[in-house]
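Heads up, the thing below is written out as structure tokens.
The values are calculated or read from the model by the stated rules, or taken from the named source; none is laboratory data. The structure presented is a predicted model; accordingly, all values stated were derived computationally and were not measured. Glycine gets a Cβ as well: all are built from the backbone with ideal geometry, and neighbour counts include every protein chain shown. Quick note on the areas: whole protein, heavy atoms, side chains included, nothing else; ligands and nucleic acids left out. Shrake-Rupley method; radii C 1.70, N 1.55, O 1.52, S 1.80 Å.
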Amino acid sequence: MQRDATSRIATVTLSPALDLTIRMPRLRPGEVNRTGPAELRPAGKGVNVAVMLAVLGEAPLAAALLGQDDIPAFGQFLRPFGIDTEFVPLAGRCRINVKLVEAEAGQVTDINPAGPPASLASLEELGARLARHAPGIAVLAGSLPQGLPPDAWVILMRALPAGGCKLLLDSSGPAFEAALAAGPALVKPNRAELAGLLGRPLPDRPALIQAALELRARGVERVVVSDGGAGALFLWPEAMLWARPPKVTLTTTVGAGDAMVAGLAAAMARDLDAEAAARLASGCAAAAVSRDVGAMGGGVPRLEEIQRLAAATEVEAL
């Protein structure tokens, strides 16, 4: 299902990566560890969002600052999904993130190095290219590479058509705080990221609700706070909900939050109500963490599985 131009969704990644996911029963430091299937795939938050949007039937554009040596691999990965790309090349290669998934412990260890530095000129070039596509929705996702200022997302936002593009923000730290001033339509921090922004712990659901209301007071129309297996808080203009997806077998955390963002972007493009948006986003996230790592096609979740998990998600009005 291809959307019209006014609802075209662009995703933007300023620090993409190759994600190496390795499954094992339990990590034994200092020893030789025999593992299950391993997967190496192009990634980065906006790239992951674009893939899930394609699974949902959207026709996304994936834009990024990308190490020039890895542009062919990213194009080869995204092309079968029907995803258009707009890559501004950087010198060298992108970073490689390592995800160690311990099945017995039910935990994932992330090892994320820095990627190649970027310049303000490369960011401005990406903004100019993105503006020519005039997307109706832009997903700004992930961390900033070395060389860019904390207000890099704001600079990019200003390059987009004023009033004609809804902005979804999924970032953290100083970049997240700086971007709030530009008035994104939706933000999706997790509990830790929101606590870091506000400078205080958020130990329970009432604390999360108060924090989300504070973001709304700053002018953010929609706030989604993810809280791992416990679910997520959805603060929509017409409702406040808590959604908890059904339990699934954890195979990876690669793209879990990004899958939720994709569901949110698709929900906005389709003008879904709060409950339908919460179900779609939760179903995407649950399908992402339980996908078949190492399968053909990159272990991408099936639409039917997303729909099943969305229907089984518990939604509570607050």
Extending each Cα 7 Å along its Cβ direction at A131 and R216, get the distance between those two points in nm, one decimal. 3.4
Springs between alpha-carbon atoms under 10 Å, Gaussian network over the chain: tell me which of A178, A232, A265 tops the mean-square fluctuations. A178
Built amide H within the under 5 Å cut-off of A62, gap 5+: T11, D84, T85, E86
With a cut-off of at most 13 other beta carbons within 10 Å, and DSSP calling the residue loop, which GluC sites (Glu not before Pro) in the range 75-123 qualify? Please list them. E104
Using the charge dipole of the range 1-100 (Lys, Arg: +1 at Cβ; Asp, Glu: -1 at Cβ; taken about the Cα centre), state which of T85, G36, L66 has its Cα farthest towards the positive end. G36
Residue by residue through the range 128-135, what is 3J(HN,Hα) from phi via Karplus (6.51 cos²θ - 1.76 cosθ + 1.60, θ = phi - 60°)? Round to whole Hz and write x for glycine and proline. 5, 5, 5, 4, 5, 7, 6, x
Using θ = phi - 60° and the Karplus curve 6.51 cos²θ - 1.76 cosθ + 1.60, what whole-Hz ³J(HN,Hα) does each residue of the range 83-97 get, with Gly and Pro shown as x? 8, 6, 10, 9, 10, 9, x, 10, 5, x, 10, 7, 6, 10, 8
Can you tell me, using C-alpha contacts under 8 Å and at least 6 residues apart, the relative contact order of the chain as a whole percent? 17
Using the Cα centre as the reference, give the magnitude of the dipole from point charges on the C-beta atoms of the chain (Lys, Arg: +1; Asp, Glu: -1; all else neutral), rounded to the nearest 20 debye. 220
Using a 1.4 angstrom probe on heavy atoms only, work out the carbon and sulfur share of the accessible area of the chain in %. 53
Rounded if a/c under 1.5, otherwise prolate or oblate - the chain, Cα gyration tensor axes: rounded
Can you give the % of DSSP beta bridges in the range 65-217 that are antiparallel, to the nearest 5? 35
Antiparallel %, DSSP beta bridges [both residues in the chain], to 5: 40
Mind jotting down the distance between the C-alpha centroids of the range 91-116 and the range 188-243, whole Å? 26
Could you give me the ³J(HN,Hα) list for the range 307-315, computed from phi with Karplus coefficients 6.51, -1.76, 1.60 and θ = phi - 60°, whole Hz, x at Gly and Pro? 5, 5, 5, 4, 5, 8, 5, 7, 10
Where a ≥ b ≥ c are root eigenvalues of the Cα gyration tensor, a/c under 1.5 meaning rounded, otherwise prolate if a/b exceeds b/c and oblate otherwise, the range 141-218 counts as oblate
How would D69, D227 line up by accessible area, probe 1.4 Å, largest first? D69, D227
Under the classification rounded if a/c is under 1.5, otherwise prolate if a/b is larger than b/c and oblate if not, where does the range 83-239 fall, given a ≥ b ≥ c as square roots of the Cα gyration tensor eigenvalues? oblate
